[in-house]
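Read-outs throughout are calculated quantities, based only on the coordinates presented, and are distinct from any laboratory measurement. Because the structure is a prediction, the values reported are computed rather than measured. Virtual Cβ from ideal backbone geometry, glycine too; neighbours counted across all protein chains shown.
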Amino acid sequence: MAFTEQFDVLVVGAGHAGCEAAMAAARMGLRTALFTLNLDLIAQMSCNPAIGGIAKGHLVREVDALGGVMGEVADAVGIQFRLLNTSRGPAVWSPRAQCDKALYRVKMREVLEGQPNLFIKQAEVVDVVLEDIADGARRITGIRLRDSRIVHAGAVVITTGTFLNGLIHCGEERYTAGRSGEPASVLLGEALKRLGLRECRLKTGTPPRLDGRTIDWSRFDEQPGDADPTPFSFRTKTVPQLRQVSCHIAYTTPETLEIIRQNVHRSAMYSGQIEGIGPRYCPSIEDKIVKFPDKTQHQFFLEPEGLNTHEVYINGMSTSLPMEVQAAMVHSIPGLEMAEMLRPGYAIEYDAIDPTELDRSLKVKSIDGLYLAGQINGTSGYEEAACQGLMAGINAALKVKGEAPFWLDRADGYTGILIDDLISKGTNEPYRMFTSRAEFRLHLRIDNADRRLTPKGRTLGLIGDEAWADYEAKQARMVALEKLLATERLREGENKGQTLAQLLKRPEVTIDQLLPLFQDKLREDDRFAAMTAGLRDEALPSWVRNELKSVETEIKFSGYLDQQRRNIEKLKKAEERSIPEWFDYTQVSGLSREMKEKLGRVRPATIGQASRIPGVTPAAVSLINIYIEIQGRKQAV
Ligand SMILES: Cc1cc2nc3c(=O)[nH]c(=O)nc-3n(C[C@H](O)[C@H](O)[C@H](O)COP(=O)(O)OP(=O)(O)OC[C@H]3O[C@@H](n4cnc5c(N)ncnc54)[C@H](O)[C@@H]3O)c2cc1C
């Protein structure tokens with residue numbers, strides 16, 4: 001008699017997607033189990049020891065604003081914080097932190113183990129348990145473990161990352177693995193193939209790691225973190241919480257490039273040995289040499305993997321060249337002549353599921369109760385995985401609670417853009433987020449992610465009372481500050497009579513410069529008590545500076561923001577026009593066969609989504625609109 005267990009929600013895989021999914025479901029009150037291959041590697045950072053970065057920092061802020069945990073964990077174990085892109089407009093400012101990789105795992109496990117309703121378990125999941133429901137539709141009822149146990153649940157989230165039929169390549173050597181040192185998920189990979197879902201084969205890679213004691217650090221330029229770090233989480237009161245360290249900037253030499261050129265045919269990618277398609281935006285060093293032959297120098301960064309290790313990550317030197325070539329490559333760089341390699345770089349190819357198989361809630365359209373999140377959906381990146389995991393966990397919980405699904409659209413956040421891109425366009429290479437993927441960048445800044453998403457997280461039950469009270473106090477302060485700046489006028493000088501808000505619209509004027517003109521007013525208003533305490537410090541605390549900057553941005557860019565709000569209204573209208581599940585594209589005359597096939601495969605939920613499917617023209621969209629009426633009348637008869 002097989003041993004069975006019952007939960008409300010099951011999550012497979014304790015990576016960056018799985019941890020968010022499990023936390024969300026448990027926080028929403030569902031009895032949740034998180035199964036993973038190795039409990040000691042929960043939230044393992046497979047590659048670079050950093051969270052955030054260009055656009056990725058936006059995703060971390062959104063995960064945090066909705067009630068996810070990646071931001072708080074990264075703040076707790078950050079060892080170097082930098083706010084990127086500050087030379088450009090506030091729409092593209094992105095927080096990034098080097099993290100202590102080992103402490104990231106420890107902290108995330110601590111958060112998971114501290115969560116009521118959540119049970120973490122070590123086991124290999126080898127199959128899904130389905131039952132047929134009406135008209136050939138199927139529902140998932142549980143999972144089967146390698147030790148034959150069956151575990152039942154009302155909803156299952158699979159987040160197996162790069163493990164499904166994972167195959168590592170290092171030069172001419174290749175062997176199955178989910179990541180270096182961890183087994184591939186072959187049985188589950190085969191089980192998912194049996195579901196008949198469309199799949200693709202993708203690849204990613206990682207650089208060698210070095211022993212920092214064998215590096216001559218004097219040969220490299222130091223890159224320290226920001227003097228006043230910007231945290232990820234809206235709930236973090238202070239950063240940093242650990243000793244801070246620097247990264248170092250390095251460059252290839254002509255000898256490095258020559259070594260690579262002489263051996264590129266031995267790289268898995270160029271020997272034809274690998275079939276998976278690699279991440280265009282995270283190229284290997286050999287990719288860079290081949291694609292940019294005229295570039296004489298490539299920059300890379302030496303990043304510490306943690307405070308209690310000498311291990312150093314070479315960011316920008318991902319490779320699948322043979323070991324001896326990697327060693328020669330590294331030793332050709334001044335300062336690394338004697339460097340000891342702790343781990344070789346390698347490439348990994350793995351199965352991913354075509355994300356057009358999913359709907360906006362990340363549910364597999366053809367299997368009720370089954371959700372997918374993370375790298376399994378064709379993305380690359382801890383942050384891209386985390387936001388999907390959060391959304392999938394929320395929707396798995398809502399499914400079990402019998403409530404309507406939750407999704408975000410392209411105007412709500414980068415999370416909505418990522419999911420809409422995946423389910424509407426699919427992906428034939430690992431998808432990573434960029435700010436250029438957003439139509440409404442100025443509206444989707446890191447500083448207002450809480451205003452866009454925290455009320456939604458509160459409704460879902462993911463934002464606690466203390467965080468909610470802080471959020472409401474902050475919003476009250478910002479509204480009061482905007483009103484004060486709009487009414488406070490200059491009493492003398494050439495700009496006499498102008499309001500501070502009018503002054504602030506000038507490109508050269510900053511809110512910090514105007515602060516002496518209104519800080520007394522703040523001191524008279526209790527709502528600013530916490531803020532004015534900070535005004536006494538010669539350097540504004542980062543949270544005060546960030547709130548002032550946020551108000552400054554709203555005022556400076558109010559014209560553009562109003563224009564974007566009008567365009568957002570148009571998008572929302574198109575998103576409100578849903579396409580019924582019964583709609584039959586084959587009956588729409590005037591659509592090409594190829595378009596009928598693509599629309600029938602993607603099955604967009606709305607007219608808006610249909611219009612974003614590559615190749616679907618405005619004419620096709622208006623035909624669909626007309627035929628919704630025509631087919632609707634036939635349905636009514
Ligand atoms: C070599 C390599 C290089 C990478 N380079 C980068 C990079 O430079 N930057 C970047 O942002 N991202 C990089 N990534 C990708 C990054 O690691 C992933 O995007 C991220 O970890 C995805 O998170 P996830 O939750 O989808 O999967 P993962 O973090 O991979 O987690 C998957 C989890 O599923 C579990 N699991 C798998 N199969 C089973 C099973 N059958 N039963 C139970 N548990 C199972 C595993 O134990 C693991 O805990 C790289 C990954 C690898 C492997």
**Message:** Using only the Cα atoms of the stretch 1-146, what are the Rg and Dmax in Å?
**Reply:** 18.0, 65
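Rounded to the nearest 500, what is the chain's calculated 222 nm mean residue ellipticity when only DSSP H runs of at least 4 contribute -39500 (n - 2.57) each, over all residues?
On the way: 20 runs with 239 residues, N = 637.
Only helices count here, giving -11500 deg cm²/dmol.
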**Request:** Give the Cα extents of the stretch 79-225 along the principal axes, in whole Å, largest first.
**Result:** 66, 43, 32
**Request:** Enter the Cα centre distance for the pair the stretch 172-222 and the stretch 235-313, rounded to the nearest angstrom.
**Result:** 14 Å
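For the stretch 34-122, which trypsin sites (Lys or Arg not before Pro) are both in a DSSP coil and crowded by at most 11 other Cβ atoms within 10 Å?
On the way: sites: LYS56, ARG61, ARG82, ARG88, ARG96, LYS101, ARG105, LYS107, ARG109, LYS121; in loops: ARG88.
Of the trypsin sites (Lys or Arg not before Pro), the ones in loops of the stretch 34-122 whose Cβ has at most 11 other Cβ atoms within 10 Å are ARG88.
On a 32 Å Cα-Cα criterion, which of the cross-link pairs LYS288/LYS425; LYS288/LYS549; LYS107/LYS203; LYS56/LYS549; LYS288/LYS505 come out too long?
LYS288/LYS549; LYS288/LYS505
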**Prompt:** Under 20 Å Cα-Cα from LYS596, which aspartates and glutamates qualify once same-chain neighbours fewer than 8 residues away are excluded?
**Reply:** ASP354, GLU357, ASP359, ASP420, ASP421, GLU581, ASP584, GLU629
**Request:** Please report Rg over Rh for the stretch 233-301, where both radii come from the alpha carbon positions and Rh follows the Kirkwood definition.
**Result:** 1.19
**Message:** Can you tell me the mean projection area, over all orientations, of the convex hull of the stretch 440-594's alpha carbons? Units nm², please.
**Reply:** 14.8 nm²
**Complete:** Dividing the mean separation of Cα pairs under 8 Å (6+ apart) by the residue count of the chain yields a relative contact order in percent of 17 percent
**Request:** Beta carbons within 10 angstrom, averaged per residue: use that to sort the peptides 14-25, 354-365, highest first.
**Result:** 14-25, 354-365
**Message:** Students often check this: by mean Cβ neighbours within 10 Å, which of 331-344, 158-171 ranks highest, and how do the rest follow?
**Reply:** 158-171, 331-344
**Asked** Hey, could you pull the Cα Rg and Dmax for the stretch 281-408, both in Å?
**Response** 20.6, 62
**Asked** Distance from the Cα centre of the stretch 506-573 to that of the stretch 35-105, in angstrom?
**Response** 25 Å
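Report, in debye and to the nearest 20, how large the dipole of the chain comes out about its Cα centre when Lys and Arg carry +1 and Asp and Glu carry -1 on their Cβ.
Values: 81 positive and 85 negative charges, 337 e Å.
Magnitude of the dipole: close to 1620 debye.
Using the crude model of +1 on Lys and Arg Cβ and -1 on Asp and Glu Cβ, and no other charge, please compute the dipole size for the stretch 103-197 relative to its Cα centre, in debye to 20. Before the final figure, lay out each step's value.
Working: 13 positive and 12 negative charges, 36 e Å.
In debye, rounded to 20, the stretch 103-197 gives about 180.
How big is the stretch 128-179 by the Kirkwood estimate over distinct Cα pairs, in Å? List each step's numbers first, then the result.
On the way: mean 1/r = 0.0729 Å⁻¹.
About 13.7 Å for the stretch 128-179.
Is any helix in the chain, taking whole DSSP H runs, at least 30 angstrom long along its axis by alpha carbon and on average at least 1.6 on the Kyte-Doolittle scale, and which ones? Spell out each step's value before the answer.
On the way: long enough: 465-487 (33 Å, -0.34).
Helices passing the filter in the chain: none found.
In square nanometres, what is the average projected area of the Cα convex hull of the stretch 532-637? Present the calculation step by step, with values, prior to reporting the outcome.
Values: hull surface 43.3 nm².
Over every viewing direction, the Cα hull of the stretch 532-637 projects on average to 10.8 nm².
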**Fill in**
Counting only backbone N atoms under 19 Å from a point 7 Å out along Cα-to-Cβ of VAL637, the residues of the stretch 572-589 in range are 582-589
**Positive dipole terminus of the chain, leading residue within CYS47, ASN428, PRO254 (C-beta point charges)** = ASN428
**Prompt:** Given a Förster radius of 51 Å and the C-beta distance between GLU492 and GLU472 as r, what FRET efficiency does 1/(1 + (r/R0)^6) yield to the nearest 0.05?
**Reply:** 0.85
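Could you grab the relative contact order for the stretch 532-637? Cα pairs under 8 Å, six or more apart, rounded to a whole percent.
Numbers: 56 pairs, mean separation 24.7, N = 106.
So the answer I get is 23 percent.
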**Listed residue pairs exceeding 32 Å between alpha carbons, taken from LYS399/LYS598; LYS237/LYS570; LYS237/LYS496; LYS101/LYS365** = LYS237/LYS570; LYS237/LYS496; LYS101/LYS365
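As an exercise, find the ratio Rg/Rh for the chain from alpha-carbon atoms, using the Kirkwood inverse-distance average for Rh. Please report the intermediate quantities before stating the final value.
Details: Rg = 25.9 Å, Rh = 26.2 Å.
Reported Rg/Rh (Cα atoms, Kirkwood Rh): 0.99.
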**Complete:** Expressed in µm² per second, the diffusion coefficient of the stretch 418-502 from the Stokes-Einstein equation, with Rh the Kirkwood radius over alpha carbon pairs, at 4 °C and 1.567 mPa s, is 77 µm²/s
